[in-house]
Amino acid sequence: MQRMSLVAPEFFRGKHLTVFGAGYVGTEVARQAVVRGMRVTALMRNAEKAEGFRAFGVEAVVADLAADDWHAHPALAGGADYALNCVSSGGGGPAGYRRSYVEGMKSVLAWTKRAPVGMLVYTGSTSVYPQDGGVRVDENAPTTDGGENAQILVEAENLVLGWSGRGCVLRLAGIYGPGRHYLLDQLREGAGVVAGRGDFHLNLIHRDDIAGAVWAVFGAPIGVASGVFNVVDDGAAPKADMVNWLAARLRVPEPVFSGAPAAGRRAVTPDRVIVNDRIKRVLGWRPVYPSFREGYAAILGA
């Protein structure tokens, strides 16, 4: 099931979309844009992946986003009606974060000075919020007390928000969807122990609902889609609820929780409830998968 934009798909036909960082989310948005009859250009680091994009009608450009040699590429020199920056860090700790997010965004904004862009969307992360203790968190919550990586993400956001053109930040909750379901895979493999705490809330968003939020921004009237929007489903259930629900459907024993961070994390993700009231009120967006139950039922084919 996929959410379409709040304007008719024909609205986008013939327009140009440029995607920076064609990973899990960017690939799906690019695919949907081709279906809408748009001209789509995608910039990525992987030459092999670029060939796959060209196979479904995307003009793929292989380059380092943080560099500037791609600015004059024929596919990008004329600018774009819409631009989506959904780059990932690519590893490397804080230095990798800074190069991908801050230096990459600076390069995008330098490009816009020579190539007109009608609307720029940046997909950030709700990890910029340091709040804990089960509190509800909206877009006005402070983001000043997070770790080094979180502050780098905030710096990238501020570049977009300070840009002279039409820019918007979508803070994404934990992403899952087809081919990306780590907890489900763990349970299928018989993991008896799951990282983190079962009583902490999970803030999730299905890949297709992220795409729906991007189209809602792109289709909004001038002056409406600006600032920051949390993109998260309506669920925010305790982690134990989701894990035990999945275990029941897989017919495996309910696991125990380690209380320790997942591999690669310094700390357990804070316990908070990220709210999506603003994007619903301003853009009329609604998640097709309002909780993990609907999203994982679709993945499981139930």
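Readers should treat all values here as calculations from the given coordinates under stated rules, not as data from a laboratory. Keep in mind the model is a prediction, meaning the values are calculated, not measured. Positions of Cβ are generated from backbone atoms using ideal geometry, with glycine treated the same way; all protein chains shown enter the neighbour counts.
Here are some notes:
- Extent along principal axes [Cα atoms of the range 28-94; Å; largest to smallest]: 38, 24, 21
- Every Cα-Cα pair in the range 1-62 was counted, and those over 18 Å apart are 29% of them.
- Shown here for the range 219-293: trypsin sites (Lys or Arg not before Pro) in loop regions (DSSP other than H, G, I, E, B) with at most 11 other Cβ atoms within 10 Å, namely ARG251, ARG265, ARG266.
- Restricting the trypsin sites (Lys or Arg not before Pro) of the range 1-80 to loop positions (DSSP other than H, G, I, E, B) with no more than 11 neighbouring Cβ atoms within 10 Å leaves ARG13.
- Fully extending the segment from ARG265 to GLU48, taken as 0.36 nm per residue of separation minus the present Cα-Cα distance, adds 75.2 nm.
- Taking 0.36 nm per residue of sequence separation and removing the Cα-Cα distance, the TYR182/ARG278 pair yields an extension gain of 31.7 nm.
- Length gained when the stretch ALA55-VAL252 is fully extended (0.36 nm per residue, less Cα-Cα span): 66.9 nm
- Sequence-distant residues sharing a close amide H with ALA83 (under 5 Å, placed H): THR18, MET119, LEU120, VAL121
- Each Lys or Arg adds one and each Asp or Glu takes one away; over the other residues whose Cβ falls under 14 Å from the Cβ of ALA220, this sums to +3.
- The calculated 222 nm mean residue ellipticity attributable to helices in the chain amounts to -9500 deg cm²/dmol, summing -39500 (n - 2.57) over DSSP H runs of n ≥ 4 and dividing by all residues.
- Mean projection of the Cα convex hull over all viewing directions, computed for the range 47-194: 11.7 nm².
- Projected label distance in nm at HIS73 and ARG136, using a 7 Å step from Cα toward the beta-carbon: 4.4
- Looking at the chain alone, DSSP beta bridges between its own residues are antiparallel in about 5 percent of cases.
- In Hz, Karplus ³J(HN,Hα) per residue of the range 173-182 (6.51, -1.76, 1.60; θ = phi - 60°; x = Gly, Pro): 6, x, 8, 9, x, x, x, 9, 8, 4
- Where only alpha carbons of the chain are counted, the Rg and the Dmax (Å): 19.1, 58
- Bridgeable lysines around LYS106 (alpha carbons under 28 Å apart, same-chain partners fewer than 8 residues away excluded): LYS15, LYS49.
- Volume in Å³ per residue [convex hull over Cα atoms, computed for the range 95-173]: 88
- For the range 216-298, the equivalent ellipsoid derived from the Cα gyration tensor has semi-axes of 32, 17, 9 Å, listed largest first.
- Annotation: the residues THR18, THR123, sorted from fewest to most other C-beta atoms within 10 Å of their own C-beta, follow the order THR123, THR18.
- Whole-Hz Karplus values for the range 233-247 come out as 6, 8, x, 6, 7, x, 4, 4, 4, 5, 4, 5, 5, 5, 4 Hz, taken residue by residue from phi with 6.51 cos²θ - 1.76 cosθ + 1.60 and θ = phi - 60°; glycine and proline positions read x.
- One quarter of the convex hull surface built on the alpha carbon atoms of the range 131-207 amounts to 7.3 nm², the projected area averaged over directions.
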